[in-house]
1. Which pairs do you get when a residue that is closer than 20 Å to B:VAL21 by Cβ, found in region B:153-166, comes within reach of a residue that is basic (Lys, Arg) and open to solvent by 10 Å² or more (accessible area, probe 1.4 Å), reach meaning Cβ atoms under 9 angstrom, with the pair 6+ apart or on two chains?
2. Can you tell me which condition A:GLU74 does not meet? The list is (1) in contact with a helix residue (DSSP H, G or I) (Cβ under 9 Å, 6 or more places away or on another chain); (2) among the charged types (D, E, K, R); (3) modelled with pLDDT of 95 or more, and all the others hold.
3. Among the residues in region B:40-48, are any of a type outside the set (Asp, Glu) and farther than 20 Å from A:ALA11 by Cβ?
4. Based on this model, can you work out whether B:VAL96 counts as more than 9 Å from every other protein chain (Cβ to nearest Cβ) and closer than 15 Å to A:VAL18 by Cβ?
5. Could you check how many residues of region A:2-54 are over 25 Å from B:LEU158 (Cα atoms) and at the interface with another protein chain (Cβ under 7 Å from one of its Cβ atoms)?
6. Quick one: count up the residues across region B:46-92 that are acidic (Asp, Glu) and either open to solvent by less than 20 Å² (accessible area, probe 1.4 Å) or more than 8 Å from chain A (Cβ to nearest Cβ) (or both).
Amino acid sequence: MNVNLTVLGQAISFAVFVYFCMKYVWPPIINGLRERQALIAGGLADAEKSSQKREEAEAEIATMLQDAKSQAAEIVAQAQKRSNEIVESSKDTARSEGDRLKQSAQAEIEQEIVGAKEGLRQQVGALAVEGARRILGTEIDQNKHNSVIDDLVKQL
Amino acid sequence: MASSEAPTSSEYIQHHLQNLVFGYHPENGLGIAHGGDEAAAMGFWSINLDSMFFSIVLGAFFIWLFKKAADNFNAGVPGLLQSSVEVIVEFVDTNVRDTFHANNPLIAPLALTIFVWIFLMNLMDLVPVDLVPRLGEAIGIPYMKIVPSTDVNVTLGLSLSVFALMIYYSFKVKGASGFIKELTLMPFSSGNPVLQAILIPVNLLLEGVSLISKPISLALRLFGNMYAGELIFILIALLPFWAQWALSVPWAIFHILVITLQAFIFMMLTIVYMAMSHESH
């Protein structure tokens, strides 16, 4: 336990080791650690930023979806309205067409009735003349009596 | 000790506590001391070869290992060695930052060197006490203490270096007058010039003792802890071989704590002393 030159030797080697540590060991390690710190901080900031962006995008998507939904509802409503209109108008068309057909058929029927009446009147006139000629036994001059017959016919 | 004869217990202990001293003996001339008396006769101008050898080897190992980690430093994903080194560096850096607020690029590397070097020197305590000395005897080296921090010269060498830095930075930061003022005008001061003149020697005595005691306590704390621990291991080694484990294993486990703690205390106090010498009032 004697104090001797070892003290000095130890102090010298201590100085040498501290010098080496200060020169070659400490700076690269501590700089590397700082670099890593910056790296991690940057990564965290990036993650924060991208999550924020994602939230924004989600909000945007939600509004877009809302818009699309309301638009679709509007379109559906419009289409319904339009189809109702179409149905209504075609009903109208059908109704007026039916009316027209009915009217034309009625007119035809009336015409037929008139024609049939006319034919019958003439046949009745001829029958009346024939009947009268047979009864009288004389020849009736059709031309002579035409005015009488026509009167009779008209009375039918 | 001649290995042919079985040594007595006290011879065994003395043998284990003797350094390999090289120096000039008044009668035997230049050479290695055989026993404590010869070593004492050599006086100051001798050197403990074993302490020097193991401390330098361990210090070189520290520099080599950490330099290796520093050279291959990867700011991305660290390897195993780098992670371990990073933990230590970060630990030291945190302690330095918490305590030392001035700007001095020497302090952190100084603290790291002290912590790791002393840790490694203390760690040699866990090597079985007889293993290396017996191997040394086999190749003709009579004495070998493999734990450098059980040599008071080693711890004094460290603490006196720290003390020299303290004095240097005190003068550099505070100036000669500031340093003298700190030694003479504190802790007692008075507005009365006469009273102040009386208080100056009192202050000088108090501050002087506290200043001188710093390197002494720093050295003796580490030395005492490691010396005592080593002595217990030596005493345990005197037991029969089949009983030794019952004591040496618990003591070794406890000693892991002491080893780390003493290295940490030495580093922490160094940082504190450096911070004190950088503070100007």
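1. Listed pairs, sorted by first residue: B:THR155/B:ARG221.
2. Tallying (1) in contact with a helix residue (DSSP H, G or I) (Cβ under 9 Å, 6 or more places away or on another chain); (2) among the charged types (D, E, K, R); (3) modelled with pLDDT of 95 or more, A:GLU74 fails exactly one: (1).
3. Yes.
4. yes
5. Looking only at region A:2-54, we keep the residues that are over 25 Å from B:LEU158 (Cα atoms), and these are A:28, A:31-54.
Remaining after also requiring at the interface with another protein chain (Cβ under 7 Å from one of its Cβ atoms): A:28, A:32-33, A:35-36, A:39.
Result for region A:2-54: 6.
6. Here is the first cut: in region B:46-92, the ones acidic (Asp, Glu) are B:50, B:71, B:86, B:90.
Narrowing further to those that are either open to solvent by less than 20 Å² (accessible area, probe 1.4 Å) or more than 8 Å from chain A (Cβ to nearest Cβ) (or both): B:50, B:86.
Of the residues in that region, 2 qualify.
Residue-wise test of (1) aliphatic (A, V, I, L, M); (2) surrounded by fewer than 15 Cβ atoms within 10 Å (Cβ to Cβ).
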| site | (1), (2) |
| --- | --- |
| B:ARG221 | no, no |
| B:GLY229 | no, no |
| B:ILE234 | yes, no |
| B:PRO240 | no, yes |
| B:GLN244 | no, no |
| B:PHE254 | no, yes |
| B:LEU257 | yes, yes |
| B:THR260 | no, no |
| B:PHE264 | no, no |
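The values are calculated or read from the model by the stated rules, or taken from the named source; none is laboratory data. If you're wondering where the values come from, they're calculated on a predicted model, not measured in any experiment. Ideal geometry is used to build each Cβ from the backbone, glycine not excepted, and the neighbour counts take in all protein chains shown. Each accessible area value is taken on the protein alone, full model and side chains, heavy atoms only, with ligands, DNA and RNA left out. Shrake-Rupley method; radii C 1.70, N 1.55, O 1.52, S 1.80 Å.
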